[in-house]
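Accompanying notes for the structure given below.
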Amino acid sequence: MGVFMGIRKFLNVEAKPGEKQFGQVPVGLLPDGNMLQIPVHLAAGTEDGPTILITNALHGDALSVAATLMQFYTGLNTDGLKGSVAVIPVCNPLAAAANRRHTPQDGWNMNRVFPARFDNPYNPGWVTQQMAVVITEAVDQCDLVMDFHSGSDTVIHYIYARTTDPDAHDAELELASMYGFKCIYAGTPAFSGTVTDYAASQGKGALLVEHGGIEIPQEKKAEAIRGIYNIMKYKGMLPGKPEIPAEQLVIRDKQRPLLRARNGGFFVPDLGIEHLNQPVPKGTALGKIINPYTFEVVESLCAPCEETIPLMMKTLPSVMYPGDYTYIVGEGATALRLKN
């Protein structure tokens, strides 16, 4: 592909080759008279190539990745870049403003409504669906989607490969491997209507990156940024080869226990952030839930797998309700080990 001389346009944002531009896509007027808008950053390369879309904060309580994406985007050099990178750092501004997972105005989970269209003039949909129309159109205009999700009062770090057979080493697993995280979860999608589900249905590359949360070590943030560059190299947008670990662990479907609280109270962790993605033996104390009124320990959490690998963890004391997440872990003993 040669030098690209024309204007690049993504949604309503235009950029000349080598430029970075910012714009906002209007959704509709709010009751206070302000316009509800979706923010879009566009970095246009100096040569022709694919368009990568990076989305974040479909869930409003997962804003922490914005700091990682800001560091990536501000450091991105468009000189010699083949193609374009579009970043939507806050897909659901209403939920983000309320620090809520779901849109408070209608209670909808944005990552369950894709694709969204204005195809009924009498019923444009709930406000969550109307915001999702913009994201749907963004997916339609790209070649690959990287959708970021993070913990709110937890910390999380792994990548999800949409595959039913990790032993087959299919294109989905290869794409996830090229991102470069040590831990990969390979399994069938648990829900329909997600942005990655829609992107994959349209024949586009789709990555779900679980990263960030209440506290995230700088080295994990650096891994997430390197991962974006890895995918750009893999797609031929930048020179060089992806930098991936010598060994990656692929946690198979059904081998990723989700640990939730049976009782409410106050959670006291037993493991620190240094254990994220690091195996601990079965029976290792993960944390406890105490009754802050009686000082009684009402629940003790222990590592459930022979080689328990924390993928998401609570590292800070916090109030718990029955059913709240405490950990997501993987069984490392039976994980597929990719030798790179």
Legend entry - Odd one out for ALA67 among (1) at pLDDT 95 or above; (2) closer than 30 Å to ASP153 by Cα: (1)
Inset, instruction - Residue by residue through the range 286-335, note down the ones that are among the acidic types (Asp, Glu) and out of contact with any Pro (no Cβ under 6 Å at 6 or more places or on another chain). - result: GLU296, GLU299, GLU306, ASP324, GLU331
Legend entry - One residue from GLY240, GLY283, GLY227 being in the same structural domain as LEU173 (by TED's automatic domain parsing) and over 20 Å from LYS182 (Cβ atoms): GLY240
Legend entry - Among the candidates THR315, THR308, residue that is surrounded by 15 or more Cβ atoms within 10 Å (Cβ to Cβ), outside the structural domain of GLU215 (by TED's automatic domain parsing) and in a loop (DSSP other than H, G, I, E, B): THR315
Inset, instruction - Check ARG337 against each of (1) of a type in the set (D, E, K, R); (2) assigned to a loop (DSSP other than H, G, I, E, B); (3) not assigned by TED's automatic domain parsing to the domain that holds GLY45 and name the one condition it does not meet. - result: (2)
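Of all residues being crowded, with 17+ Cβ neighbours inside 10 Å and among the aliphatic types (A, V, I, L, M) in the range 251-267, which is nearest to PHE181 (Cα to Cα)? Just the residue, please.
Of all residues in the range 251-267, those crowded, with 17+ Cβ neighbours inside 10 Å come to 251-252, 255-256, 259, 261, 265, 267.
Keeping just the survivors that are among the aliphatic types (A, V, I, L, M) gives 251, 259, 261.
Numbers: ILE251: 12, LEU259: 22, ALA261: 28 Å.
Top of the filtered list is ILE251.
Which of the residues that make up the range 256-269 are farther than 14 Å from MET312 by Cα and either in a loop (DSSP other than H, G, I, E, B) or under 26 Å from the mean Cα position of the chain (by Cα) (or both)?
First, the residues of the range 256-269 that are farther than 14 Å from MET312 by Cα: 261-268.
ALA261, ARG262, ASN263, GLY264, PHE267, listed by residue number.
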Legend entry - Residues of the range 1-45 satisfying the condition of being modelled with pLDDT under 95, loosely packed, with under 13 Cβ neighbours inside 10 Å and in a strand (DSSP E or B): VAL3
Legend entry - Residues within the range 81-92 that are in contact with an Asp or Glu (Cβ under 8 Å, 6 or more places away or on another chain) and either of a type in the set (Asp, Glu) or assigned to a strand (DSSP E or B) (or both), tallied: 2
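Could you say which residue among THR78, THR74, THR55, THR68 is more than 23 Å from PRO26 (Cβ to Cβ), outside any loop (DSSP other than H, G, I, E, B), assigned by TED's automatic domain parsing to the domain that holds ALA206 and touching a strand residue (DSSP E or B) at 6+ places or on another chain (Cβ under 7 Å)? Explain how you work it out, then say what you get.
Working: THR78 fails: outside any loop (DSSP other than H, G, I, E, B); THR74 fails: touching a strand residue (DSSP E or B) at 6+ places or on another chain (Cβ under 7 Å); THR55 fails: more than 23 Å from PRO26 (Cβ to Cβ).
The conditions single out THR68.
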Inset, instruction - Check off (1) under 15 Å from the mean Cα position of the chain (by Cα); (2) crowded, with 21+ Cβ neighbours inside 10 Å; (3) over 23 Å from MET237 (Cα atoms); (4) not basic (Lys, Arg) for THR55 and give me the number that stays unchecked. - result: (3)
Inset, instruction - Can you run down the residue pairs with Cβ atoms below 6 Å, 6 or more apart or on separate chains, where the first is in the range 100-112 and touching a residue at least 60 places away in the same chain (Cβ under 8 Å) and the partner is crowded, with 16+ Cβ neighbours inside 10 Å? - result: ASN111/LEU58; ASN111/THR194; ARG112/GLY193
Inset, instruction - Mind listing whichever residues of the range 274-293 are over 14 Å from VAL329 (Cβ atoms) and either modelled with pLDDT under 95 or within 25 Å of the chain's Cα centre (by Cα) (or both)? - result: GLU274
Legend entry - Subset tally (residues that are among the charged types (D, E, K, R) and surrounded by fewer than 15 Cβ atoms within 10 Å (Cβ to Cβ)) for the range 271-299: 3
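State yes or no: is THR326 under 22 Å from the mean Cα position of the chain (by Cα) and either farther than 17 Å from CYS183 by Cβ or outside any strand (DSSP E or B) (or both)? Working first, answer last.
Details: under 22 Å from the mean Cα position of the chain (by Cα): yes; either farther than 17 Å from CYS183 by Cβ or outside any strand (DSSP E or B) (or both): yes.
It is true that THR326 is under 22 Å from the mean Cα position of the chain (by Cα) and either farther than 17 Å from CYS183 by Cβ or outside any strand (DSSP E or B) (or both).
To keep it simple, each residue is scored yes or no on (1) under 25 Å from VAL27 (Cβ atoms); (2) touching a strand residue (DSSP E or B) at 6+ places or on another chain (Cβ under 6 Å); (3) touching a residue at least 12 places away in the same chain (Cβ under 8 Å).
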{"site": "GLN130", "(1), (2), (3)": "yes, yes, yes"}
{"site": "ALA138", "(1), (2), (3)": "yes, yes, yes"}
{"site": "ILE156", "(1), (2), (3)": "no, yes, yes"}
{"site": "ALA176", "(1), (2), (3)": "no, yes, yes"}
{"site": "ALA186", "(1), (2), (3)": "no, yes, yes"}
{"site": "TYR198", "(1), (2), (3)": "yes, no, yes"}
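The values are calculated or read from the model by the stated rules, or taken from the named source; none is laboratory data. If you're wondering where the values come from, they're calculated on a predicted model, not measured in any experiment. Here the Cβ is made from the backbone with ideal geometry for all residues, glycine too, and neighbour counts use every protein chain on show.
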